[in-house]
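Okay, so here's the structure we're looking at.
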Amino acid sequence: MSTLATPPTAPSSLERAWSLAELEMSLLWRNKTAVVTAVGFTPVLVVLGVRVFDGLAGGHLTASLTVLLATFTLLLGSYYNLTTATVARREEGMLKRLTAGEVSRAEVLVAIALPHFLLALVQTALAFVGLSLTVGTPNLTYVFLAFLAFLGGAVMLSLLAFATSGKTRTVESAQLTTMPLLMVAPAFGGLFFPLDVLPDAVRTVAELTPLAPVVELLRVGLGAAGPDGTELVAGLATTGRPLAVLFAWLVLAAYLARRSTRWDARR
């Protein structure tokens, strides 16, 4: 008596996205420029951070350096490198081919963004552990806020990377199209000087820039010092505004990504 063979189960959306992410990870590791951009600046940022936060020690220094490292790994990985990767895949015709089958566009974008996020996360985590062991362990009472800020910042910057890729013709021109955010966001994100020193109108605008809420929430989550090295941010009382700003940027970035992302080669 014969039995009918059970048909193979179709892969789920998560399985399809993960398979594509594994492919993207292998392509990322082959791109030496992208790896150096994502990882090579860590020692420079540590030295720069030690000078910026001169006078801090122990857990306070670890927290402040971690905030600096986390912000720049996201900016260089989940934004700049992801922009160039998306443009490269589009111009190679890879984006168009992937969406010709059962894979959705959302799955493709998640797969491309995931390796860059994981690289930034691992890099930040390793730096944090290393600093905690050698410098001192910070107060981790609100560490969940730090992870929320990191995750929210990664999603927001990834969506902005997809939006920027739509305005970028070639991989080389990504250096120009990403420059406004790469220059403005760190300058007015509260990383290197306290926003309180700015005139009220300018400070209000600065607090609404993409990195400002991420930096503030990271500081609250890790109990880090501000860029003046004096006042420690602690407690949950001040998190309402940065959470609202971060959420607004997530919504805006999703809209821009949906509207601007291109799937056909521009050349």
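Rule-based calculations on the coordinates, nothing more; no lab input. Given the structure is predicted, the values throughout are model-derived calculations rather than measurements. Every residue, glycine among them, receives a Cβ derived from its backbone with ideal geometry; neighbour counts consider all protein chains shown.
Between Arg105 and Leu250, the modelled labels are 2.2 nm apart [label points 7 Å from Cα along Cα→Cβ].
Averaged over residues, the count of other Cβ atoms within 10 Å places the peptides 183-189, 171-177 in the sequence 183-189, 171-177, highest first.
Each Cα pair of region 90-145 feeds into the Kirkwood radius, which the Stokes-Einstein equation turns, at 37 °C and 0.692 mPa s, into a diffusion coefficient of 229 µm²/s.
Once the Cα-Cα distance is subtracted from the 0.36 nm per residue extended length, the Ser26 to Phe147 segment shows a gain of 41.0 nm. A crude spin-label estimate for the pair Met183 and Leu133, with each label 7 Å from Cα along the Cβ direction, gives 4.0 nm. Legend: calculated FRET efficiency, Val202 to Ser260, from the Cβ-Cβ distance at R0 = 25 Å, rounded to 0.05, equals 0.35. Taking other C-beta atoms within 10 Å as the exposure proxy, Thr99, Thr124, Thr62, Thr33 rank Thr33, Thr99, Thr124, Thr62 from fewest upward.
Which distance in Å, rounded to a whole number, links the C-alpha centroids of region 77-95 and region 195-226? Centre-to-centre (Cα) distance: 30 Å.
Look at where the Cα atoms of region 110-186 and of region 252-267 average out, and the two centres are 20 Å apart. Counting only other residues whose beta carbon sits under 10 Å from that of Arg89, what net charge do I get with K and R as +1, D and E as -1? Net local charge, Arg89 excluded: 0.
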